[in-house]
C-alpha cells in the first residue's frame, strides 16, 4: 500500500509556527474569551454570507460591504444578548447573587442534617461560604471574569475579539490574488481553526441543550408533580445550560448548585437530585464522546487526554480550549495524510 506524499512549503511551516505560538500565547495572557468571541463572529459571518449568496458577488467592493454589514449586525445582536443575559443574571427576580446568598443560608442551616464525614468540607457559616465562592471566582477570573472590575475588562476583550473576527471575515472577502504566500497560508490556518471551532462548540451546545432539557424536566415538571417546588428553579436551568458549555467543570458546578438548593427541602431530596443528575451526566458523557468525537473524527480517549494535558498546563482555560485546539491540530495532520 503506497502512502500519498503531500508537499509542505516553507510558508506553511512558518504559518504553523506562528499560528501555534499565537494560540498558546493567548492562553498564557488569559485572552481565551477574545479568541472564542472572534471565532464565533467569523463562523457566523461565514455561515450568513453563504446563505445570503454575498460571496458570489463579482465586485469586490460590494462583496466587502455586504460582509461588513453582516458582521456589524451580528456583533450588535450578540453584544445586546450578552448584556441582557448579564442584566438578568445580576438584577432579575431570581438573580445569581440572590441564589448564592440563598445557597449560603441553606448550607448554614443544613449542617445538622449532614453526615459527619461531610462536615469538614462544608463551610460553617454564610460569610465563610461567600468568601470561598469569591476566592474561587478570583482564582479563575481569567476564564469567567465575573469578579469586581474584571467584568468591564472581560467585555472589552470579548468586543475586541468580535471586531477582530469581523476583520478577518472581511479579509476573506478580498481576492485571493492580493495576498502573499505567507498571508495565504495564515488565512488557511484561520479557516481550519474556525472549522474546528464550529464543529466542537456547536456539538457542545447540543450536548448542553440535551442536559438542560432533562434537568429542566426534573426541576420544573417532575418535582412540582410531587408537590415540591425548588427556589430559583428557572435560574438553575439557565445556569445548567451556560455552565454546560464548559466541559466537565461546568457540570460539577451546576450539580453542586442544584444539590445545595435541594437541601432546602430535605437531605433525601438532595440525594435524589444528585442521583438523577449523575444518571443524566453518564448519558451526557456517552453523547459527548460520540457527538464531539464524531465531529472531529477522534476517539474519546484522545479528547480526554488532550483536555487533561491542556488543563495541567493552562488551568481551566486549557480545559475549555483543548477540544478546539486538538480538532485544529488533527485537521492539519489529516490534510497532510499524516494521521
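Tell me the helices (runs of 4 or more DSSP H) entirely within the range 240-339 that contain at least 3 residues that are at pLDDT below 85, surrounded by fewer than 16 Cβ atoms within 10 Å (Cβ to Cβ) and at positive phi. Counting at least 3 such residues, we get no helices (runs of 4 or more DSSP H) at all.
The helices (runs of 4 or more DSSP H) located wholly in the range 83-191 that include 2 or more residues which are surrounded by fewer than 16 Cβ atoms within 10 Å (Cβ to Cβ) and modelled with pLDDT of 60 or more occupy 96-110, 126-139, 150-172.
A residue that is in contact with a helix residue (DSSP H, G or I) (Cβ under 8 Å, 6 or more places away or on another chain), at pLDDT 85 or above and within 30 Å of residue 34 (Cβ to Cβ) can be found somewhere in the range 228-235.
The values are calculated or read from the model by the stated rules, or taken from the named source; none is laboratory data. Values in this document were obtained by computation on a predicted structure and should not be read as measured data. A quick note on method: Cβ atoms are made from the backbone with ideal geometry, for glycine too, and the neighbour counts reach across all protein chains shown.
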